[in-house]
Amino acid sequence: MVGAAKDERICIGAIIGAHGVKGTVRIKSFTEEPANVAAYGKVSDEAGARSFTLKSIGASGGAILAHIDGIEDREAADKLAGTRLYVSRSALPAPGDEEYYHADLLGLRALSTDGEALGTVTSVHAIGETDILEIDRGPELPSLLIPFTCADVPDIDLEVGLVVVDMPTEVDNRNADGDA
């Protein structure tokens, strides 16, 4: 596999700050079911240097509220803000047909249905009902933002490291003159 797909860990959330005074943290969840950010066992930071045991206790303002073993006050919780939370890929369920972990898409080359090189997938934005692929076209050119639907991205080959994009007319026209 290409890109992050060969990585053994997947980012499932990020601590965005403290909630209250007893060490509760607010977590932006990247899991399909937000509360599942605490369902896959111990999580670790990006470097793998620290591990945490999470206990989900609710939700507030679009964030999951959780207790972390050993974090007992607001100051300790605040120090964790910005920490991205990872789990072993083996702890997660296998994606279903036509389902992908965002990490598996990062770094894939993007081609148009006509075979034109478009760039590299650098991000997947979860916005509303439809995720958006961000494709970096290199210096001097704005990124392409493509709806991540079967119609707009009809083919994904993780083994080859490729996504095929059927350029939506509105995206093609908007970016033809270099405007984002």
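Miscellaneous remarks
- Under a 5 Å amide H cut-off, with hydrogens placed 1.01 Å from N, Ala59 pairs with Leu65 among residues at least 5 apart or on other chains.
- Computed over neighbours whose Cβ is under 9 Å from that of Gly119, the net charge equals +1, Lys and Arg +1, Asp and Glu -1.
- Å³ per residue enclosed by the Cα convex hull of the stretch 72-176: 165 Å³
- Over the stretch 59-180, accessible surface divided per residue gives 56 Å², non-protein components excluded, 1.4 Å probe.
- Spatially close Lys pairs in the chain, defined by Cα atoms under 18 Å apart and a spacing of eight or more places or different chains, total 6.
- FRET efficiency estimate (nearest 0.05) - Cβ-Cβ, Asp114 to Ala59, R0 35 angstrom: 0.20
- Cα-based Rg and Dmax for the stretch 1-150, where Dmax is the largest Cα-Cα distance (Å): 17.3, 57
- Ranked from largest, the principal axis spans of the Cα set of the stretch 14-94 equal 37, 28, 18 Å.
The values are calculated or read from the model by the stated rules, or taken from the named source; none is laboratory data. Because the structure is predicted, anything quoted here is derived from the model rather than measured. Ideal geometry is used to build each Cβ from the backbone, glycine not excepted, and the neighbour counts take in all protein chains shown. Only protein heavy atoms, including side chains, enter the accessible area calculation; ligands, DNA and RNA are left aside. Shrake-Rupley method; radii C 1.70, N 1.55, O 1.52, S 1.80 Å.
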